[in-house]
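Novice: Following this message is one structure expressed as structure tokens.
The values are calculated or read from the model by the stated rules, or taken from the named source; none is laboratory data. Just so it is clear, the model here is predicted, and its values are computed rather than measured. As a convention, Cβ positions derive from the backbone with ideal geometry for all residues, glycine included, and neighbour counts pool all protein chains shown.
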Amino acid sequence: MKIDKVIRAVLIAPILICFAAGGIFASGISISSEVTRMSIPFEGKDTLIVELTWEGEPFLYQIDDFPIPNLEKLQILGSSSSVSTMSDTTVESGEKTIRTYRYILEPTDFGTAIIEPLNINVTNRLTEELHQLQTGRLTIEIAKPVPKDEDTSSGSLPTIVIVCVIILIAAAVVIIVVVRRKQAEPEVDPAVEYLRMLEEIKKETVADGKLFYSRLYRLLLLYLEKVQGLDLSGRTGEEVLQEAGKLENESERDRITGWLDKALKVKFRPDLPSPSDIEDSYNAVRQFFENKVHKK
């Protein structure tokens, strides 16, 4: 009997550790959750942060729906999501991706507020394997509302007016200084900046063809978002190609969608791109941005 208890404890311990950390790890992808403050005043706000972390590119995993947590004594004022990547030489892909969900929370009552476990379904686009991830249960202590003293508020009115006037004057001075600085600074040509970034990509990925196309893919996304005004945040590779296909300029549309499609195919091909392919792609994109500079 004692041996059975020891074996059961050894098997259960890792599971308990995962739940205590606020998330679950599942075959290459992990989830975690936290709040910025464990206790807040009734008039305050808090932020719930949920992160999905995996090795590889952002489009490796498909997330079915934007997750909405179930709350007690709290309500959501706003939410957002973002995706970031970073170099990581300790993993095979050389990159790590973090998808972050943020929720601004506001109390609806005082006491112990509860954030129920959040369930998220993700699918690996390569293996088509479905992962069901779940965060831990979180609580926030909310203080009682502070009663307002109406008798003393009228006496402080002159002070409030003076403070407001000072703030307005300070804001006006800051605006004037900022406007003058902007007028004095020369405007930077976006195409020149993209050329500089392209040269850095080639230098930093000289021995890694797959990483070159991965970085090139992100540079083209930045151009489409900043210059062409396309909303590509969180889009899959197929969705990005569809959006890029809406560009009015036919020549630019064909070139950009061709480069994007090639970068996506290189990512999932087992063989490495040849040096000549990399050089041809680099020269073509460089010529594209150089023409943008010449047109200024």
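Novice: Go through the residues of segment 263-271 one by one and say whether even a single one is under 18 Å from Phe289 (Cβ atoms), over 24 Å from the mean Cα position of the chain (by Cα) and without any contact (Cβ under 8 Å) to a residue 12 or more places away in the chain. Walk me through how you get there before you give the answer.
Specialist: Going residue by residue through segment 263-271, those that are under 18 Å from Phe289 (Cβ atoms) are 263.
The next check asks that each one be over 24 Å from the mean Cα position of the chain (by Cα); those that pass are none.
No, that holds for no residue.
Novice: Return yes when Val293 is surrounded by 16 or more Cβ atoms within 10 Å (Cβ to Cβ), touching a helix residue (DSSP H, G or I) at 6+ places or on another chain (Cβ under 6 Å) and in contact (Cβ under 8 Å) with a residue 24 or more places away in the chain and no when it is not. Step through it out loud before you land on a result.
Specialist: Numbers: surrounded by 16 or more Cβ atoms within 10 Å (Cβ to Cβ): no; touching a helix residue (DSSP H, G or I) at 6+ places or on another chain (Cβ under 6 Å): yes; in contact (Cβ under 8 Å) with a residue 24 or more places away in the chain: yes.
No, not satisfied.
Novice: Scanning segment 214-235 for residues that are touching a residue at least 40 places away in the same chain (Cβ under 8 Å) and not in a helix (DSSP H, G or I), which turns out nearest to Phe59 (Cα to Cα)?
Specialist: Gly234
Novice: Shifting gears a bit: Considering segment 236-270 alone, what residues qualify as being in a loop (DSSP other than H, G, I, E, B) and buried (at least 18 other Cβ atoms within 10 Å of the Cβ)?
Specialist: As a first pass, look at segment 236-270 and keep what is in a loop (DSSP other than H, G, I, E, B): 236, 245-249, 269-270.
If the condition is that a residue be in a loop (DSSP other than H, G, I, E, B) and buried (at least 18 other Cβ atoms within 10 Å of the Cβ), then no residue fits.
Novice: Which of the residues belonging to segment 32-49 are within 16 Å of Thr139 (Cβ to Cβ), of a type outside the set (D, E, K, R) and assigned to a strand (DSSP E or B)?
Specialist: If the condition is that a residue be within 16 Å of Thr139 (Cβ to Cβ), of a type outside the set (D, E, K, R) and assigned to a strand (DSSP E or B), then Ser33, Val35, Ser39, Ile40, Thr47, Leu48, Ile49 are the ones that fit.
Novice: Another question about this same structure. Does Thr257 satisfy the criteria of being of a type in the set (Ser, Thr, Tyr), touching a helix residue (DSSP H, G or I) at 6+ places or on another chain (Cβ under 8 Å) and over 24 Å from Asn291 (Cβ atoms)?
Specialist: On the way: of a type in the set (Ser, Thr, Tyr): yes; touching a helix residue (DSSP H, G or I) at 6+ places or on another chain (Cβ under 8 Å): yes; over 24 Å from Asn291 (Cβ atoms): no.
No; evaluated as a whole, the condition is false for this residue.
Novice: Within segment 131-148, is even one residue over 30 Å from Glu34 (Cβ atoms) and at pLDDT below 90?
Specialist: Of the residues in segment 131-148, the ones over 30 Å from Glu34 (Cβ atoms) are 147-148.
Checking the rest, the ones that are also at pLDDT below 90 come to 147-148.
Checked against the condition, which is being over 30 Å from Glu34 (Cβ atoms) and at pLDDT below 90, segment 131-148 yields at least one hit.
Novice: Is it the case that segment 58-70 has a residue that's more than 14 Å from the chain's Cα centre (by Cα), surrounded by 13 or more Cβ atoms within 10 Å (Cβ to Cβ) and closer than 15 Å to Leu138 by Cα?
Specialist: Yes, segment 58-70 contains at least one residue that is more than 14 Å from the chain's Cα centre (by Cα), surrounded by 13 or more Cβ atoms within 10 Å (Cβ to Cβ) and closer than 15 Å to Leu138 by Cα.
Novice: Could you pull out the residue among Ala26, Ala9, Ala21, Ala13 that is closer than 19 Å to Ile114 by Cβ and modelled with pLDDT under 90? Show your work before the answer.
Specialist: On the way: Ala26 fails: closer than 19 Å to Ile114 by Cβ; Ala9 fails: closer than 19 Å to Ile114 by Cβ; Ala13 fails: closer than 19 Å to Ile114 by Cβ.
Result of the check over Ala26, Ala9, Ala21, Ala13: Ala21.
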